[in-house]
Amino acid sequence: MIRTISTPKAPAAIGPYSQAKAVSGFVFTSGQIPLDPATGTLVGEEIRAQTEQVMKNLQAVLCEAGCDFDSVVKTTCFLADIADFAAFNEVYAKYITSAPARSCFAVKALPKGALVEVECIAALEK
């Protein structure tokens with residue numbers, strides 16, 4: 001059975017997708033950008049502030065699914081500027097300490113002009 005994950009503590013989808021799906025013991029999140037869940041507006045003008053909001057949004061989705069950052073097995077991280085890599089890592093490492101597998105790369109542009117987007121896969125059972 002596939003379960004759709006949705007919480008008002010993370011931004012609503014800005015397109016035809018869900019915040020996450022749970023299936024076969026895993027949660028697959030959609031990419032989170034630094035939107036305020038209440039207003040839908042972009043939070044922060046620099047990479048650290050935006051990464052903080054992204055991680056809070058991911059945390060809310062994972063919590064709604066019944067897991068947390070310790071359950072994450074894979075992340076994919078998108079940066080608008082690879083020069084932000086070190087600053088991004090500083091904030092990311094505060095939230096994700098279990099060293100999951102990860103891909104991180106620069107992209108030409110992100111939705112709403114965001115500087116960062118992160119998606120993850122988490123196990124529902126540790």
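We did not get these values from a lab; they are worked out from the coordinates using the rules stated. Everything numeric in this text was worked out from a predicted model, so none of it was measured. Here the Cβ is made from the backbone with ideal geometry for all residues, glycine too, and neighbour counts use every protein chain on show.
Numbers below:
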| quantity | calculated |
| --- | --- |
| Per-region count, the range 1-38, residues over 20 Å from F78 (Cα atoms), among the hydroxyl-bearing types (S, T, Y) and either surrounded by 20 or more Cβ atoms within 10 Å (Cβ to Cβ) or touching a Phe, Trp or Tyr at 6+ places or on another chain (Cβ under 9 Å) (or both) | 0 |
| Residue match in the range 43-50 (condition: farther than 19 Å from A87 by Cβ and among the acidic types (D, E)) | no |
| Selection count where residues are buried (at least 18 other Cβ atoms within 10 Å of the Cβ) and either under 18 Å from A12 (Cα atoms) or of a type in the set (F, W, Y) (or both), scope the range 60-76 | 6 |
| Residues (touching a Gly at 6+ places or on another chain (Cβ under 9 Å) and not hydrophobic (A, V, I, L, M, F, W, C)) located in the range 76-97 | T76 |
| Qualifying positions in the range 88-106 - in contact with an Asp or Glu (Cβ under 8 Å, 6 or more places away or on another chain) and small (G, A, S) | S98, A106 |
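For (1) surrounded by fewer than 17 Cβ atoms within 10 Å (Cβ to Cβ); (2) among the polar types (S, T, N, Q); (3) without any contact (Cβ under 8 Å) to a residue 40 or more places away in the chain; (4) under 27 Å from S24 (Cβ atoms), each residue gets a yes or a no:
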site	(1), (2), (3), (4)
G40	yes, no, yes, no
L58	no, no, no, yes
F78	no, no, no, yes
R102	yes, no, yes, yes
V107	yes, no, yes, no
